[in-house]
Amino acid sequence: MLNKIYDWVDERLDITPIWRDIADHEVPEHVNPAHHFSAFVYCFGGLTFFITVIQILSGMFLTMYYVPDIENAWESVYYLQNEVAFGEIVRGMHHWGASLVIVMMFLHTLRVFFTGSYKKPRELNWMVGVLIFAVMLGLGFTGYLLPWDMKALFATKVGIEIAASVPVIGGMIKTLLAGDETIIGAQTLTRFFAIHVFFLPAALFGLLAAHFIMIRRQGISGPL
Amino acid sequence: MSNNKVSRRQFLSYTLTGVGGFMAAGMLMPMVRFAIDPVLQKSEGGDFVLTEKKIADITEVPVRVDFTFEQVDAWYKSDVTNAAWVYKEGDEIIALSPVCKHLGCTVNWEGDPAHKNQFFCPCHAGRYEKNGANVPKTPPLGPLDQFEVRENEGFLEIGKAIPNTLV
């Protein structure tokens, strides 16, 4: 049945080369854990992406109940976690996944560093990777505020004060992030929400695309 | 069996598809159940709400009775005021929902001077008889809903809306 549908579409649109381009690629022996178990270190990039997909999916579902408003944010998080079926699981996926994605990304960075994979010709991909790292930290920072509990509020106060300590333009960065010169409140929450669910994910998608296109172009770096 | 050997490739592809599908399902099932929760949640409802209308004051002419109750909308609680058209039919008290069965506007008793003794919906000129029966050739396709009613120390109490029992 599925085969027939596939053949029907393929006959008209010739889709086989498209997914072959994406799916068929060489996995050299030195990165295959079946050959050398220590090659599992090459999995961290893929694991980072896998968890990122979980973050995107669980985040999409969380916004069905969440409201970025100081009166209702905490209440809506409480409701979705305690009153909605599997709310604890879905929020848990997003909560723990957020930490795990940073861990995996860090391990991936270490592997690339210690295998020297950042060297010519892959310098550009390393730079894009550093940008992805920054975007991920930004996602973690902006997402932390959204439950609007005491921990979120004070963590954001501290984070914004750190940003404010930048010489010369620190004050402006603070106002830009918080939406007000002194208050961390209604405007901070809506800004952080917009940054968390629209701006940073958009940046992330672009950077990930560049990251993947480049690695496919250049191939996985050779053995040590 | 010997004629139908499973090749290594087939075995691997079945196993990987199975395990992958199981993992994907484990990931997606909680999220889908989370999303469809409003459809599956049991609505409680049906508590009677005390109105300020004295039973003794109700006549055979429908009057509008407002009643206010606390509505729990997920994380948001608020006081909501609804209305009913209340009149006496013999000894029985009838309370009709003012929600038009066409598209949900609010109907008025004798809202159209040309049609006495009828409910009238201003949106698309839908009309109903006194007992809530929709007048043929006007937009509504069914009779007005009815509220459960009861008496509490001389005052009217209104319960949940039920399909019209008079028509």
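Overview of results
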item: Candidates B:137, B:160, B:116, B:101, filtered to the one that is basic (Lys, Arg), within 16 Å of the chain's Cα centre (by Cα) and not in a strand (DSSP E or B); result: B:101
item: Residue list for region A:1-38, filter: acidic (Asp, Glu) and over 14 Å from residue A:219 (Cα atoms); result: A:7, A:10, A:11, A:14
item: Residue count for region B:21-43, restricted to those that are more than 11 Å from every other protein chain (Cβ to nearest Cβ) and in a helix (DSSP H, G or I); result: 3
item: All positions within region A:90-107 that are β-branched (Val, Ile, Thr), free of Cβ contacts under 8 Å to residues at least 40 places away in the same chain and more than 13 Å from chain B (Cβ to nearest Cβ); result: A:102, A:103
item: Residue identified as in contact with a Gly (Cβ under 9 Å, 6 or more places away or on another chain), polar (S, T, N, Q) and in a helix (DSSP H, G or I) among A:175, A:188; result: A:188
item: Boolean, residue B:101 is modelled with pLDDT of 90 or more, more than 14 Å from chain A (Cβ to nearest Cβ) and surrounded by fewer than 16 Cβ atoms within 10 Å (Cβ to Cβ); result: no
item: Failed item, numbered, when residue B:18 is tested on (1) at pLDDT 95 or above; (2) within 14 Å of chain A (Cβ to nearest Cβ); (3) more than 34 Å from the chain's Cα centre (by Cα); result: (2)
item: Qualifying residues in region B:70-98 (those that are surrounded by fewer than 19 Cβ atoms within 10 Å (Cβ to Cβ), small (Gly, Ala, Ser) and in a strand (DSSP E or B)) - the one nearest to the other protein chains (Cβ to nearest Cβ); result: B:78
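The values are calculated or read from the model by the stated rules, or taken from the named source; none is laboratory data. Every value quoted in this text rests on a predicted model; they were computed, and no experiment measured them. Cβ sites come from the backbone with ideal geometry, for glycine too, and all protein chains shown count toward neighbours.
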